[in-house]
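S.K.: Pasting in a structure now, in structure tokens, and then I'll have a few things to ask.
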Amino acid sequence: MAEVPKLGPRDAGRMLGHGYFYDQLSPGMRFRSMGRTIFESDLTAFCNVTWMLEEGFVNTRPDARHTIQGRFVPGMLVYTFAEGLVVPSFNFTGLAFLHNELDHTGPTVVGDTIHVEVEITEVRRASKGNRGLVRSLNRVVNHRDEVVLTYKPLRMVSGSPQAGA
């Protein structure tokens, strides 16, 4: 059997999926997540794990008609999916989720595809250590180009090695 070659010490480049350090972000910077379609199985799993058993979420044949057409999903499902779509931008660098302001602006139904458009609105160094505070405006947009949710998280994010302690 042939010996497997070893590469030894080297600069392998930046790791794919490594998030931004706070000092790599600046107000006005924008980025966008990939898209994610919401399926019936997502609605079922979310309702089961959270015990969100409101009739509109769990009954496909309710006694009264609802004003929203289709299988609407909980707003918190939309929010948690949005955070899941954004989290790669803070992999290995996110330290704490400190605050949030959230507004639901439209319904989301099974079959909708959402993505998140992020605009950095504030970046400042924290009072201690090599870390900073990053605030953004996150808009969750469906495939019809409708903003269905906005939120403004404040996160504590690590600084790059170049930013120093």
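The values are calculated or read from the model by the stated rules, or taken from the named source; none is laboratory data. This one's a predicted model, so the numbers in the text were calculated from it and none came from an experiment. Quick reminder, even Gly has a Cβ in these numbers, built from the backbone with ideal geometry, and neighbours come from all protein chains shown. Ligands, DNA and RNA are excluded from the accessible area calculation, which covers all protein heavy atoms including side chains. Shrake-Rupley method; radii C 1.70, N 1.55, O 1.52, S 1.80 Å.
S.K.: Assess whether T121 counts as being assigned to a loop (DSSP other than H, G, I, E, B) and in contact with a Lys or Arg (Cβ under 9 Å, 6 or more places away or on another chain). Break it down stepwise before answering.
M.R.: Numbers: assigned to a loop (DSSP other than H, G, I, E, B): no; in contact with a Lys or Arg (Cβ under 9 Å, 6 or more places away or on another chain): yes.
So T121 does not fit the description; no.
S.K.: State whether one or more residues within the stretch 34-47 are exposed (fewer than 11 other Cβ atoms within 10 Å of the Cβ), in contact (Cβ under 8 Å) with a residue 40 or more places away in the chain and closer than 27 Å to K152 by Cα. First the steps, then the outcome.
M.R.: Quick first cut of the stretch 34-47, residues exposed (fewer than 11 other Cβ atoms within 10 Å of the Cβ) only: 34, 41.
Narrowing further to those that are in contact (Cβ under 8 Å) with a residue 40 or more places away in the chain: 34.
Okay, now just the ones that are also closer than 27 Å to K152 by Cα, so 34.
Checking the stretch 34-47: at least one residue is exposed (fewer than 11 other Cβ atoms within 10 Å of the Cβ), in contact (Cβ under 8 Å) with a residue 40 or more places away in the chain and closer than 27 Å to K152 by Cα.
S.K.: Only one of (1) free of Cβ contacts under 8 Å to residues at least 40 places away in the same chain; (2) open to solvent by 20 Å² or more (accessible area, probe 1.4 Å) is not met by V141, so which one is it?
M.R.: The number of the failed condition is (2).
S.K.: Criterion first (assigned to a strand (DSSP E or B), within 30 Å of S41 (Cα to Cα) and of a type in the set (V, I, T)) does V141 satisfy it?
M.R.: Yes, satisfied.
S.K.: Let me spell it out: the conditions are (1) part of a loop (DSSP other than H, G, I, E, B); (2) small (G, A, S); (3) within 26 Å of F46 (Cα to Cα), and G129 meets all of them except one. Which number is the exception?
M.R.: If we test G129 against (1) part of a loop (DSSP other than H, G, I, E, B); (2) small (G, A, S); (3) within 26 Å of F46 (Cα to Cα), just (3) comes out false.
S.K.: A follow-up question, please. Quick check on my filter: what residues within the stretch 60-86 are open to solvent by 60 Å² or more (accessible area, probe 1.4 Å) and in contact (Cβ under 8 Å) with a residue 40 or more places away in the chain?
M.R.: Q69
S.K.: Looking at the stretch 116-126, can you tell me whether even one residue there is over 15 Å from G35 (Cβ atoms) and basic (K, R)?
M.R.: Checked the stretch 116-126: at least one residue is over 15 Å from G35 (Cβ atoms) and basic (K, R).
S.K.: Let me ask something additional. Out of R36, R124, report the one residue that is at pLDDT 95 or above and touching a helix residue (DSSP H, G or I) at 6+ places or on another chain (Cβ under 8 Å).
M.R.: Details: R124 fails: touching a helix residue (DSSP H, G or I) at 6+ places or on another chain (Cβ under 8 Å).
Just one listed residue meets the conditions, R36.
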